[in-house]
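Asks: Quick one: the structure is below, questions incoming.
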Amino acid sequence: MERQQQAHIPPGRSGPTEALALPDALDRALVSAQAPGADPGARRVLVERLAQLDLGDPRATADRLEQLLSSGALAPIRGPDGRSARAVAVDRLLSLGYPYALEVTPEDLTHWRAERPSGAASDGRGLAVLVMSAAVCLSLWGVSRPPSGFGLSVVLALEVATVAAAVRPSLRQVGRQLVLALGILGCILGVRYGAAMLLPGIAGFVAARLLRRGVRGVD
């Protein structure tokens, strides 16, 4: 009889052991992130686990998040991109919708609002993508001799790095540094190959500066 009952468990459903594995993994990530001198990787893992936390049931997920928030354990922890672990937990709780979103305390909600990117930071990221896209379009179609080979790879990499840094918080710092490095390379190539490389190179400097406005508290 027991075997028959086990055989009728729908595929894809998590059993008790799997359900308990997620909190355990989150506990381990929290302990690692709280350790003195915790490296950015440990804090990144915690923030990502909080953002994606799903215990298979909204009630269980909400209870877990509320327990972490009420304990105060998340308050001093920030991910490598500057995101507050506490704000990430609130954001995940809000994403569960009604009625769980109503259970966020006023203090946690105030913290979450304060941590949200300002309008200036959001505009900076959007403007960075706009500036780079315009420069890439001019480079590829607005000059008599568009880049080719290695130069074309640099131009396309500038566009990809700018977009990635603008839309992915976890990549913002690294992406901004890559855009700046590629911008320098573009300007160096532009001395020899002209406007086709100089335009995106200069745009790399501008985009990196605009993206910096979206980076908060990064190590």
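Every number here is computed from the coordinates shown, using simple stated rules; none is lab data. Just so we're clear, the structure is a prediction, and the values are computed from it rather than from any experiment. Cβ atoms come from the backbone with ideal geometry, glycine included; neighbour counts cover every protein chain shown.
Asks: Going highest first, how would you order 181-190, 57-66 by mean Cβ packing within 10 Å?
Replies: Working: 181-190: 19.7, 57-66: 16.8.
Top to bottom by mean Cβ count within 10 Å: 181-190, 57-66.
Asks: For the range 12-115, with equal point scatterers placed on the C-alpha atoms only and solvent neglected, what are the log10 I(q)/I(0) values from the Debye formula at q = 0.14, 0.21, 0.25 1/Å, to two decimals?
Replies: Taken in order of the listed q values, log10 I(q)/I(0) reads -0.51, -1.09, -1.41.
Asks: For residue 72, what is the net charge nearby, where nearby means another residue's Cβ is under 13 Å from its Cβ and Lys, Arg count +1, Asp, Glu -1? Kindly include the intermediate steps, with their values, before the conclusion.
Replies: Working: positive: 86; negative: 66, 107, 108.
Around residue 72, the charge tally is -2.
Asks: Cα extents of the range 119-212 along the three principal axes, largest first, in whole Å?
Replies: 38, 20, 17 Å, listed from the longest principal axis down.
Asks: Which order do the peptides 160-171, 136-147 take when ranked by the mean count of other beta-carbon atoms within 10 Å per residue, highest first?
Replies: So the order, starting with the most tightly packed, is 160-171, 136-147.
Asks: A further question follows. Go through 193-201, 105-113 and give me the packing order, highest mean Cβ count within 10 Å leading.
Replies: 193-201, 105-113
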